[in-house]
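Worksheet: one structure, shown below.
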Amino acid sequence: MRALFVQQDHVSPTGPVGDRFRHHGYEVVELLVVPPDRFGTPDVTVTFPDPREFDVIVPMGAPWSVYDEATIGSWIGDEIAFLREAHEAGVPVFAICFGGQALAAALGGSVQRAGGAEIGWYEVDSDDHDLVGRGPWFQWHFDQFTAPPGATTFARTPLGPQAYTIGRSLGLQFHPEITPEQLAAWLENGGDTDLARHGLDPDQLLAETRSTATDAASRTHALVDAFLTQVATRP
């Protein structure tokens, strides 16, 4: 079994999500969209593979907006088409943050600026605690999705939707893959500016992420387990 992780940037490793897929016997394959030397100019050219070569597709987060083609270039359209093809072929998609937004756009939903920012650890209101529990889950986003027609949106915060299922696919707004090391890399690559703009303390956020790392990884493992047994196996 093979799981393709679409890593939009070089500072977003697969973390405990990748670890759990490996635990279940998956070969984790990584596709890096924007290499380190193009992080500031992400309008690169990308060739996406045939999604049917994989058993699961995991599009991950990004510091950019799905709708900002002027900045990130034509690859976002190609990725959206790739996710649509995967879903239509029955390949399960486990979509994280930017990836969840891209999947929504691929299947007829939309992505827009949110009414505010969510950065840090948030509990979510979930209708299905067996799939997505209350958390807390790590957030870092300024945009939000409108789930596609036919999807079931089952988790949310006061700001907006947090999770939806459609067919064999799961779209998430939060970051189950986060680790202290990943957060430190985000802070070093411009994230500290976001925090300063919103009056947040990077040291405090990093300390909180370190203190909850073990529990957060356990929640993520349970989420991947539930996805594989409850969503990816649907007819």
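The values are calculated or read from the model by the stated rules, or taken from the named source; none is laboratory data. From a predicted model like this one, the values you see are computed outputs, not experimental measurements. Cβ atoms come from the backbone with ideal geometry, glycine included; neighbour counts cover every protein chain shown.
Test each condition in (1) acidic (D, E); (2) over 12 Å from F94 (Cβ atoms); (3) under 19 Å from the mean Cα position of the chain (by Cα) for E53 and report the one that comes out false.
(3)
A62 - would you say it is of a type in the set (G, A, S), surrounded by fewer than 19 Cβ atoms within 10 Å (Cβ to Cβ) and under 21 Å from A3 (Cβ atoms)?
no
In the range 1-52, which residue that is hydrophobic (A, V, I, L, M, F, W, C) and assigned to a helix (DSSP H, G or I) is surrounded by the fewest Cβ atoms within 10 Å (Cβ to Cβ)? Explain how you work it out, then say what you get.
So in the range 1-52, the residues hydrophobic (A, V, I, L, M, F, W, C) come out as 1, 3-6, 11, 17, 21, 28-29, 31-34, 39, 44, 46, 48.
Keeping just the survivors that are assigned to a helix (DSSP H, G or I) gives 17, 21.
On the way: V17: 26, F21: 24.
It comes out as F21.
Being at pLDDT 95 or above, β-branched (V, I, T), crowded, with 17+ Cβ neighbours inside 10 Å and more than 16 Å from the chain's Cα centre (by Cα), is that true of even one residue in the range 106-120?
The answer is no, given that none of the residues of the range 106-120 is at pLDDT 95 or above, β-branched (V, I, T), crowded, with 17+ Cβ neighbours inside 10 Å and more than 16 Å from the chain's Cα centre (by Cα).
In the range 130-153, which residue that is out of contact with any Lys or Arg (no Cβ under 7 Å at 6 or more places or on another chain) and of a type in the set (D, E, K, R) is farthest from Q112 (Cα to Cα)?
D130
Can you pull out every residue in the range 1-16 that is closer than 18 Å to I76 by Cβ and not hydrophobic (A, V, I, L, M, F, W, C)? First the steps, then the outcome.
Kept after step one, since they are closer than 18 Å to I76 by Cβ, are these residues of the range 1-16: 4-10, 12.
Q7, Q8, D9, H10, S12, listed by residue number.
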